[in-house]
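The values are calculated or read from the model by the stated rules, or taken from the named source; none is laboratory data. The shown structure was predicted, so the numbers you read here are calculated from the model rather than taken from an experiment. Quick reminder, even Gly has a Cβ in these numbers, built from the backbone with ideal geometry, and neighbours come from all protein chains shown. Only protein heavy atoms, including side chains, enter the accessible area calculation; ligands, DNA and RNA are left aside. Shrake-Rupley method; radii C 1.70, N 1.55, O 1.52, S 1.80 Å.
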Amino acid sequence: MKKVLVLGSTGSIGINTLNVIRSLPGKFQITALMVNSRIDVLEPQIEEFHPECVVVKEEIPAEQLRKKLKGKIEVLSGISGLSKAASVCDYDIFIGAMVGSAGLAPTIQAIKRGKRIGLANKETLVVAGELVTQLSKLYGAEILPIDSEHSAVFQCLIGENLNQVEKIILTASGGPFLNKTKADFLNVTIEEALNHPNWKMGHKITIDSASMMNKGLEVIEAKWLFNIQQDKIDVVIHPQSIIHSMVQFVDGSVKAQLGLPDMKLPIQYALTYPDRLQNYNPRVNLPSIKQLSFFEPDLDKFECLKIAYSALDSGGNAPCVLNAANEIAVDKFLKGNIKFSRIPYIINKSLERIEHNTQPDLDIIFQCDRQTREFAAGLS
Ligand code: NAD
Ligand code: MG
């Protein structure tokens, strides 16, 4: 039985990871659960899966949980608790299912122990992709993508020579605002932005999908996961979210991976790779879908996607600034403090202001993340 740590077990990916593990009895054992604050969701998970390690990042709920558990399991807390658990708990597979660049530090601890990393937390690769992939090579830690597009590309690349890849084609649903105009972005509401047509996800990634920053972050994620130049990463809008992504080879052949929009498949594959295990989840039924359509993204309307390409082009700490400013801007939008159309403004201002560093080490990345958050917090 493989032992599994889930960082972010109370979120959308975390809960789906536990669903997958429950559906494959005898294959996986949960040994560690780490969350931000939702002990009401965590408690039944502890009862069902009996982890040896538990971390609640926020101090107050952590203390409440300690009282309830009466010393039966030690509950660590704080950011240091997340990294400590990743560096001392017993596990074979680390599932990075938390949101935001705060996932970077614990993920690095898992990499340094040479563990398998099932990575949904794309922000980790966006802010420090070069360092994370270098470290994973050094310590022999495999990074297996959970993001559906990257899982698709990973599956299309099996048995292929990376030098014979002409381009990667990431598909994007276009989100809830695909048919709105740029002028409409001034007045869209939080509820409208959270109303994704195909995927049920956490709030932050749902807003990123509405602005298409999610696809921008995924272009950066793809660069580091597949070691490919950015001009070989295309984005195509595919509103049905059935083709999860494609790879085109130098002979013109295109391979695609298809499936229903359900994260359980990429999660299961990251857990069981290189095996595929039988499951009984619903299957794609092409005649009932009838039509698969594709078109180019409008980079003028979805400015965030354009800014992400340009931050990747600048390299160094620019993707870190992009990500931190976006995290702050999305949080402000979700709190009703800014309009949706101000998200790219805050990111652009931060990219202009924060000093560029072409070869940041991890300390500089953490510092840049903090500085950007402080600066972006003052914008509206
Ligand atoms: P979510 O908001 O539903 O869940 C986030 C989880 O992270 C929660 O368990 C929360 O407790 C935990 N968390 C947040 N901040 C934390 C902190 N500072 N310390 C410890 N734990 C913290 O988010 P989600 O939709 O599950 O997304 C998680 C990650 O997976 C994101 O990076 C997202 O981009 C990526 N992803 C999600 C989906 C999806 O379908 N939901 C698909 C692809 C990629
Ligand atoms: Mg995705």
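What range in the chain is the longest one free of chymotrypsin sites (Phe, Trp or Tyr not before Pro) that are in a loop by DSSP and have at most 15 other Cβ atoms within 10 angstrom? Provide the component values of the computation, followed by the final result.
Details: sites that count: Tyr280, Phe294.
That would be 1-279.
Sort largest first and round to whole Å: the equivalent ellipsoid semi-axes of the chain, each the square root of five times a Cα gyration tensor eigenvalue. It would help to have the intermediate numbers written out before the result.
Values: eigenvalues 179, 133, 91 Å².
Semi-axes (√(5λ), whole Å): 30, 26, 21.
Show Arg116, Arg373 ordered by accessible area, largest first, where the area counts protein heavy atoms only and the probe is 1.4 Å. Show your work: numbers first, answer last.
Numbers: Arg116 35, Arg373 60 Å².
Output order, biggest surface exposure first: Arg373, Arg116.
Could you do me a favour and compute the accessible area per residue for region 220-321, 1.4 Å probe, result in Å²?
Numbers: 4990 Å² over 102 residues.
Spelled out: the 1.4 Å probe surface of region 220-321, per residue, equals 49 Å².
Taking +1 at the Cβ of each Lys and Arg and -1 at the Cβ of each Asp and Glu, which of Gln371, Gln257, Val165 sits farthest along the dipole of the chain towards its positive end, judged by Cα position relative to the Cα centre?
The Cα lying farthest towards the positive end belongs to Gln257.
So with the 1.4 Å probe, I'd like the accessible area per residue for region 2-145, rounded to whole Å².
Numbers: 5800 Å² over 144 residues.
Spelled out: the 1.4 Å probe surface of region 2-145, per residue, equals 40 Å².
Give me the tail of P(r) for region 261-380 as a percent: Cα-Cα pairs with distance above 16 Å.
Numbers: 4965 of 7140 pairs.
Everything past 16 Å amounts to 70 percent.
Label-point separation (nm) for Leu24 and Glu58, each offset 7 Å from Cα along Cα-to-Cβ?
Each label point lies 7 Å from its Cα, and together they span 3.2 nm.
From largest accessible area down, sort Lys70, Lys57; use a 1.4 Å probe on the protein chains.
Numbers: Lys70 170, Lys57 60 Å².
Highest to lowest solvent-accessible surface, that is Lys70, Lys57.
Which stretch or stretches of region 359-380 have amide N atoms under 13 Å from the point lying 7 Å from Asn337's Cα along the Cα→Cβ direction?
373-380
Kindly state, to the nearest 0.05, the FRET efficiency for Lys67 paired with Ala377, given R0 = 35 Å and r defined as their beta-carbon distance. Present the calculation step by step, with values, prior to reporting the outcome.
Details: r = 34 Å, r/R0 = 0.96.
Calculated value: 0.55.
Given a cut-off of 22 Å, name the pairs among Lys264/Lys306; Lys67/Lys115; Lys122/Lys200; Lys180/Lys306; Lys204/Lys339; Lys215/Lys290 whose C-alpha atoms lie farther apart than that in the structure shown. Could the numbers behind the result be given before it?
Working: Lys264/Lys306 30 Å; Lys67/Lys115 32 Å; Lys122/Lys200 17 Å; Lys180/Lys306 18 Å; Lys204/Lys339 15 Å; Lys215/Lys290 25 Å.
With Cα atoms farther than 22 Å apart: Lys264/Lys306; Lys67/Lys115; Lys215/Lys290.
For Met1, what charge total do you get from the other residues with a beta carbon under 10 Å from its beta carbon, if Lys and Arg give +1 and Asp and Glu give -1?
Details: positive: Lys2, Lys3, Lys27; negative: Asp92.
Summing Lys and Arg as +1 and Asp and Glu as -1 gives +2.
Report the label-to-label distance for Leu260 and Glu43 in nanometres (one decimal), using points 7 Å from each Cα along the Cα→Cβ vector.
Output for this residue pair reads 3.3 nm.
Within the chain, what whole-number % of the accessible surface is contributed by carbon and sulfur, with the 1.4 Å probe and all protein chains included in the calculation? Please report the intermediate quantities before stating the final value.
Values: 8410 of 16920 Å².
C and S fraction of accessible area: 50 percent.
Quick test of the membrane-span-like rule: which DSSP H helices of the chain reach at least 20 Å along their long axis (C-alpha atoms) with mean Kyte hydropathy at least -1.0? It would help to have the intermediate numbers written out before the result.
Working: long enough: 122-139 (21 Å, 0.41); 318-334 (24 Å, 0.79); 362-377 (22 Å, -0.17).
Those that clear 20 Å and a mean of -1.0 are 122-139, 318-334, 362-377.
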